[in-house]
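Derivation of every value follows stated rules applied to the coordinates shown; laboratory data play no part. This structure is a prediction, so every number in the text was calculated from the model and none was measured. When we count neighbours, we look across all protein chains shown, and the Cβ atoms used for this are built from the backbone with ideal geometry, even at glycine.
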Amino acid sequence: MEEDILKTIPLRDELLTGWSTATTFLSGLLQGGWKLWQILIILGVMLLSWLLRRWVGERMTEWMRTQTGRPKWQLRWLVIFRNRLGLVFFAALAWVAYLTMQQMFRWPSYSYLVGLAATIGTAWMVVSFVARLVRNPFLRKIVNWALLVYVTLFYLGALDTARQITDGLAIQLGEFRISLLGLITALVVIGILFTVARFLAHATSARISKNEDISPSMRVLVVKLLQIVLYVGAFFLGLKAIGVDLTGLAVLSGAIGVGLGFGLQKVVSNLVSGVIILLDKSIKPGDVITIGDTFGWINALTARYVSITTRDGREYLVPNEDLITGLVINWSHSNALVRLDIFFGTAYGDDPHLVRKVAIDAASDTKRVLKSKPPVCHIVGFGDSSVDYILRFWISDPTDGLTNIRGNVYLALWDAFRENDISIPFPQREVRMLSDDASDTPQDGSLEGPDDSAILGAD
């Protein structure tokens, strides 16, 4: 109890000191003099900066709309610069005003507040640009505001006071104590470390992606492991940097891991299956696969699922476990050669030797059909209305589609059969209606009753 009282007294003293300083400054402004004039100059610089930002920003936006050929990163930074024109103009105009006042007046106190505003405005401008390096929007806001507050307090000379006040606002549970200062410091440090980890991961993954000696699936695995190591390391380094004891956290994480292992079996199974897929190289980005009734291209391999895009533009997210335990047809696993079969029939009056020759020539002349593995055509049966054939041919680019090449071969057969007078039969039926006399006195005894009729079929 006594320790809490002792901690509360310095915090109260700091708050009273800060309040006294603020009231003294405001009372000086009310009395007029150069302090008031400097405040008015700063407000005028702010108003002029706002007007310039509106005027220049509109024209800069119109100019950027014409820069369609520039790289995206240049356009992105132009947008960032346009959004910060107010700070840029304020810092520039404040420095101009400060330097002008220094030349006009000998006493530094006549321009001190303007110089302080110019310094803080410049620091804010730098912070606003640096904070853009943090990609995560939430962390970016935290880092941005924390640095803005830090530089403001630093140049105002109130950093020690603010540190003592935020450190006094704390929650203590036993030996564990967390203050507002510690929380802000942790978020800022973790945000900075995450930015560094992201930069290292991006640079390293770009170098790994260009290495042709590593298979595509192994590149994805190495990049994923590298990202996990860097981000997890940044998180724990951030906690360690602010004095958090990681021993108890390790024990707690172990207990949580055991519980999650039972509750998230499917998730863990998908994660392990994803690692197996990357290691055995059975499936990799760019492959054409068929799983169930889904035929498409693999866009990406993630830790939990595989993204497959079909020809109709649909994107399927297939869990990794289904690719390990189910039947998957990989059209481009060991090689891209694929054999396709199509069936057709011709009339009994057509010469089968001629039909086979014409079918083979028609398929061979079709684009995408391989000449190195010539098509073959065989009779597979004698049907009710036609002689049935199978035509087999090979392609080396299944990624370009299967249905379209089958359709092209069917069209080639149609044109070739018409040129060679080969007919494609279809089933025919003949219906005979018997007269009343014939139905009364059946000749073969097959019809019974005067109202019965016979339907005879012929091809």
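Here each label is just a point 7 Å from Cα along the line to Cβ, and for residue 104 and residue 290 those points are 8.4 nm apart. Taking 0.36 nm per residue of sequence separation and removing the Cα-Cα distance, the residue 51/residue 281 pair yields an extension gain of 76.8 nm.
Loop-only check: which trypsin sites (Lys or Arg not before Pro) in the range 131-162 are DSSP coil with at most 15 other Cβ within 10 angstrom? Please list the in-between numbers first.
On the way: sites: 132, 135, 140, 141; in loops: 135.
Loop-located and lightly packed - 135.
Gain on full extension, evaluated as 0.36 nm per residue between residue 404 and residue 385 minus their Cα-Cα distance, stands at 4.1 nm.
For the pair residue 364 and residue 96, the difference between a 0.36 nm per residue extended length and the Cα-Cα distance amounts to 88.5 nm. Just add up the charged neighbours of residue 148: K/R +1, D/E -1, any other residue whose Cβ is under 15 Å from the Cβ of residue 148. Neighbour charge sum, excluding residue 148 itself: +4. Shown is the FRET efficiency for residue 432 and residue 347, computed with R0 = 22 Å from the Cβ-Cβ distance and rounded to the nearest 0.05: 0.40.
By the count of neighbouring beta-carbon atoms within 10 Å, fewest first, 63, 124 end up ordered 63, 124.
Which of 281/371; 72/224; 141/284; 72/141 have a Cα-Cα distance over 32 Å? Going by Cα-Cα distance, 141/284 fall outside the 32 Å limit. The ellipsoid that matches the Cα gyration tensor of the range 338-419 has semi-axes, each √(5λ) in whole angstrom, of 23, 12, 11, with the longest given first. Note on residue 311 and residue 231: their simple-model spin labels are 3.7 nm apart, each label 7 Å out from Cα toward Cβ.
Take the Cα of residue 132, step 7 Å toward its Cβ, do the same at residue 66, and the gap between the two points is 2.2 nm. Placing unit charges on each Cβ (+1 for Lys and Arg, -1 for Asp and Glu) gives the range 338-419 a dipole about its Cα centre, and among 377, 417, 354 the Cα reaching farthest toward its positive end belongs to 377.
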